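Where a number appears in this text, it was derived from the coordinates with a stated rule and is not lab data. This one's a predicted model, so the numbers in the text were calculated from it and none came from an experiment. All Cβ positions, even for glycine, are placed from backbone atoms using ideal geometry, and neighbour counts span all protein chains on display.
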Amino acid sequence: METRKHIAAEKNRQKTHNCAQAVACTYCDLCGLDPKVAEEIAGSFGLGMGNMEGTCGSLVGAGMVLGLVTKDRDLARKRMKTIMEKFKARNGATQCRQLKGADTGHVLRECPDCVADAAEFLEEVLTAANSA
C-alpha cells in the first residue's frame with residue numbers, strides 16, 4: 001500500500017478535517033464508505049473522544065476504518081491494540097488531553113503529526129493483514 005499518511009495529515013493541518021475525519025476520510029475508499037458519510041460519522045471526535053477527555057481522534061478514525069475493513073470484531077480489536085501500542089510508544093500517550101499538554105503545558109505531539117502516526121500504523125496493520 002502506498003502511504004497516504006501525508007494526505008491525512010494535510011487535511012488536518014489545513015483545518016478542513018478534524019483528526020478523526022482526516023484519517024477516516026483518507027481511507028474511506030478501502031471500506032466502501034462514502035467520503036461525506038465518513039466525515040459525518042467522525043465529526044464529533046475532533047479534540048478526541050469527549051473533547052480532550054479520551055482517546056485521540058486520529059486513533060478513533062483509524063479504528064473506524066479498521067473495523068469496517070476487517071469485518072471481524074475480535075481481529076479488529078487485536079489490530080487496534082497494536083495501533084494503540086505503537087502510537088503510545090512513539091508519542092507517550094493516546095489521550096488527546098495528554099498529547100496536547102492541557103494540564104502540563106508540554107505538548108507531546110501536534111495534531112497533524114498524531115494524524116500521520118495513526119495513519120501510518122493503520123497502513124501497517126492493513127498491509128500485514130493483506131500479506132498474511
In degrees, nearest ten, helix 73-91 long axis to first principal axis of the chain (Cα): 40
Cα long-axis angle, helix 57-70 against the chain (0 to 90 degrees, to the nearest 10): 10
Where Cα atoms sit under 27 Å apart: lysine pairs in the range 21-132 separated by 8 or more or lying on different chains: 10
Full-extension gain in nm, GLU53 to ARG73, via 0.36 nm per residue minus C-alpha separation: 4.7 nm
Sequence-distant residues sharing a close amide H with GLN95 (under 5 Å, placed H): CYS56
FRET efficiency estimate (nearest 0.05) - Cβ-Cβ, LYS81 to ASN130, R0 22 angstrom: 0.70
Three-way shape call for the range 35-110 based on the alpha-carbon gyration tensor, with the a/c threshold at 1.5: oblate
Cα gyration tensor category, rounded, prolate or oblate, for the range 1-83 with a/c compared to 1.5: oblate
